Amino acid sequence: MWLSGQQKRPADEGEGQTGIVTMSGGETAVLLDRERRGLDIYSPGGYTWTPRVGQRVLVIQGRGEIPCVVGALQGGVPDRVGIQAKSLALSGQAVSVAAQRGATVSGSQVNLNGQVYVNGEKLEDLIRRIVASMLGG
């Protein structure tokens, strides 16, 4: 039947597909029309990431016949971050960082203006609590 042949056709040159990551870490594999293994991961310069198993990713035709992962479906950034235009959010299993107005990143230096929270507690309050416990107060 004509429709059955059209549903899972391989991507043409330059055409993207989405798939689910089935292996991550040493070798990346994504389930597309079939499982593809050994995919390269592309990202913006200076940024390195590894897609996690179960994540939906965008795959395009890479060098030669090897497809490559170029991004992941956005999601997982806490709603309270409120990402807007000209904002940046980085999140992972162990960290979530949002840089919006009042925050700048330059080389290895991060400048934060405004209130800074650590696990929902103001940074100043956290420091006071730690110092007080160290001084026995």
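The values are calculated or read from the model by the stated rules, or taken from the named source; none is laboratory data. Treat the numbers as computed from the prediction; the structure is a model and nothing was measured. So basically every Cβ, Gly included, is an ideal-geometry build from the backbone, and we count neighbours across all protein chains shown. Side chains included, ligands, DNA and RNA excluded: accessible areas come from the protein's heavy atoms. Shrake-Rupley method; radii C 1.70, N 1.55, O 1.52, S 1.80 Å.
Here are some notes:
- Residues that are at pLDDT 75 or above and in contact with a strand residue (DSSP E or B) (Cβ under 8 Å, 6 or more places away or on another chain), drawn from the range 72-85: Ala72, Leu73
- Within the range 18-61, tally of residues that are in a strand (DSSP E or B) and of a type outside the set (Val, Ile, Thr): 11
- When each of Val53, Val69, Val21 is tested for being open to solvent by 60 Å² or more (accessible area, probe 1.4 Å), modelled with pLDDT of 90 or more and hydrophobic (A, V, I, L, M, F, W, C), the lone residue that passes is Val53.
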